[in-house]
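A short worksheet on the structure shown next.
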């Protein structure tokens, strides 16, 4: 268990850690007293590791209802003299941005690190946002590690910079840094009581008169940060006298290193770990020493723009390449960087020919490759709820979706989602859409997302009396990001039991008169409630309550599984076409894979020929 190594590993030892676990270790070695987060892939393991740590040491940790609240809690710790870290994924920074900008103004008393994990190629996200732009826009220093060891070391450095400049520091990673494993040299953990002292200051009230003062202070801090960026060892030149220069940071640096070796190109590197503000003098001198420079970075041309601005300011005529040779979308790869180097130097042709031959051979066999799209787990109650929705409302209804496991319901055969934009948008979008269309409108939202960003939209729904059926997919956990607790779970980030917040009561308090709780495994009962909601003249909330199938499988000692009676199966494929459970396979007739079956019984309810029965029933029948 690498999380345990991150928390209990002895100083001086080497541990194999995820980048995120290394960040958590760096925070512990920095003497943090507070850790907050809203879980989001690829950042989740930072908070998960610190949650585990909080159960064994003096550390306050919470999974907040959303990223904005998480940052505000961390802000309160910092302004009370307690070091704190707040972790989130890139789109979470959108939610926290209001607080992020204000925090940059008022600064810090104790160090505060805002860890943000970007997701190039959208592996688990709705966009490829580059969070470095937020650092630039807010006026906050940004550090970018390239591997787990740097992730730990830069976390420690970030706290020191934060306190030196009295400003928050962003630690920006990408999926490949957060989720790569590597050897990390462990240091001493500093354990401190999370007890602080808040000093009243009327200038912390950001009315315009105070905000103007703080803005001037922030600009002065950024000027100091610019000087630091040129001095720090986090920005370093590697090599001497290479035929080209490469400026890079984060995981892109690793691709560039390997690509130069493959292409047989001698290159000097300006490896940037402190990327905002950029080191102007170092970049200027690096440009002067090279006729051609390639800027290697993922997503936005943040470093490229800065490099070109510096070249223009100082009259440097070096040829600067970047996104003209490398893509502005998706993840980089060694192959892509070699292509860029080939365009720039003419070297690496043999390797590119091998890559193109490999790609051609793969393409020629593409028809033999089995597609493996992500899917809802066997026995997932979300799947049953989508079946009930489709049977009652059909394809003509508009299904406004949200972020979570249930987003996978947009895939065939369920096709239970028509839109998905951002956290909480299901209710907000549906609230407006219902005013403009005559077809039924359904908003589908998970329990964690409901509390994250659904409540303001639900208040709007109740206030404006929009005729929308809101379905809260309550699986009692934040499932997709790794089973973190939420306000419905009855557990805190420290593992303490608390009273769950009842979404039924919350919905009624938001002005919704029609509120029902259903068990989605009971299809007939669920469909009756949906029919009532469809007839109701106003907004309605249906809470589809069933714990995550993975949680249930751990809790239950015995599962009554199901099987298909071959003599009764008519090969109608209804179980496959309507439900699409991964536990059901089909060749000439349907068959249930015993190891995958969770015993939910939904397939038995939808089989028109009663060919699906529990194992126990079948044994008695024999």
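Key figures for this structure:
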quantity	calculated
Yes/no for residue 550 being assigned to a helix (DSSP H, G or I) and at pLDDT below 95	yes
Residue match in segment 392-399 (condition: part of a helix (DSSP H, G or I) and either within 30 Å of residue 563 (Cα to Cα) or touching a residue at least 60 places away in the same chain (Cβ under 8 Å) (or both))	yes
Meets criteria (in contact with a strand residue (DSSP E or B) (Cβ under 9 Å, 6 or more places away or on another chain) and either assigned by TED's automatic domain parsing to the domain that holds residue 484 or on the phi < 0 side of the Ramachandran plot (or both)) for residue 402	yes
Unique match (being surrounded by fewer than 24 Cβ atoms within 10 Å (Cβ to Cβ), within 30 Å of residue 202 (Cβ to Cβ) and out of contact with any helix residue (DSSP H, G or I) (no Cβ under 8 Å at 6 or more places or on another chain)) among 80, 54, 99	80
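The values are calculated or read from the model by the stated rules, or taken from the named source; none is laboratory data. If you're wondering where the values come from, they're calculated on a predicted model, not measured in any experiment. When we count neighbours, we look across all protein chains shown, and the Cβ atoms used for this are built from the backbone with ideal geometry, even at glycine.
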